[in-house]
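FYI, it's all coordinate maths here, none of it is from the lab. As the structure is a prediction and not an experimental result, all values here were calculated from the model. Virtual Cβ from ideal backbone geometry, glycine too; neighbours counted across all protein chains shown.
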Amino acid sequence: MILFEDTLWPLLHLKFVGEHTPAQYEEYLTRLEKSLRRPEPCLVIIDTNVAQSVPLSHCRRQAEWCREHEALVREKVLGVAFVVNSTLARLSLNVVVQLAPMPVPYTFVSHARAAAEWAAERFSDRGLLQPSVRVRQHFGLRPVTVAAAAPWQRPVPG
């Protein structure tokens with residue numbers, strides 16, 4: 001099963017749970033494309049911590065999808081955080097990245113909180129403070145202080 005969590009949009013949190021059939025995987029790719037066609041750019045967390053091993057056929061299909069949708073991904077995705085704590089899952093994701101290099105910034109982390117921290121920082125870097133704050137609050141992360149904010153994000157004295 002592949003769960004789509006978009007209540008914190010423009011953060012899209014995808015959770016791979018157990019095994020998934022080829023039909024479920026195709027449905028995931030269809031829903032992913034639909035999500036990326038929303039008007040605003042987004043950040044994606046792909047959480048594989050409770051997934052079973054990913055078949056090589058799904059790795060190939062994901063790489064094919066990435067090549068076919070590279071322009072859309074480049075336009076709409078600000079970054080991707082892969083949550084991976086198993087060697088086999090990391091190998092599967094590395095295969096995908098090797099077959100179709102990511103056209104956007106990405107990172108591999110071992111916990112959803114670390115992925116959320118990375119996503120919140122990317123939002124802040126882009127001047128998207130509301131999504132950054134919502135992600136930080138939802139995941140119980142430390143807020144960004146004014147001193148740590150980039151100059152264009154600091155309040156204007158007045």
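With N denoting the number of residues in segment 1-92, provide Rg(C-alpha) divided by 2.2 N^0.38 Å, to two decimal places.
1.03
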- Task: Could you tell me how many degrees, from 0 to 90 and to the nearest 10, lie between the Cα long axis of helix 87-99 and the main elongation axis, the longest principal axis, of the Cα atoms of the chain?
- Result: 90 degrees
- Scan around residue 45 for amide H atoms under 5 Å from its own, H built in the peptide plane at 1.01 Å from N, and keep only partners 5 or more places away or cross-chain. 12, 13, 14, 81
- Item | Viscosity 0.890 mPa s, temperature 25 °C, Stokes-Einstein D of the chain from Kirkwood C-alpha radius, µm²/s | 151 µm²/s
- What is the helix-to-structure angle for 56-68, meaning the angle in degrees between its Cα long axis and the longest Cα principal axis of the chain, kept from 0 to 90 and rounded to the nearest 10? 50 degrees
- Query: For the chain, what is the relative contact order in percent, using Cα pairs closer than 8 Å and at least 6 residues apart in sequence?
  - Reply: 20 percent
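Is it possible to state the helix-based mean residue ellipticity at 222 nm for the chain, with each DSSP H run of 4+ residues giving -39500 (n - 2.57), the sum divided by total residues, to the nearest 500 deg cm²/dmol? What is it?
Values: 6 runs with 72 residues, N = 158.
Computed ellipticity for the chain at 222 nm equals -14000 deg cm²/dmol.
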- Query: Out of 71, 16, 55, whose Cα points farthest toward the positive end of the dipole of segment 1-79 (charges: +1 Lys, Arg; -1 Asp, Glu; placed on Cβ)?
  - Reply: 71
- Net charge near residue 138: determine it from the other residues with C-beta under 11 Å of the C-beta of residue 138, scoring Lys and Arg +1 and Asp and Glu -1. +2
- Message: Test of understanding: ordering 50, 104, 44, 73 by Cβ neighbours within 10 Å, fewest first, what list do you get?
- Response: 50, 104, 73, 44
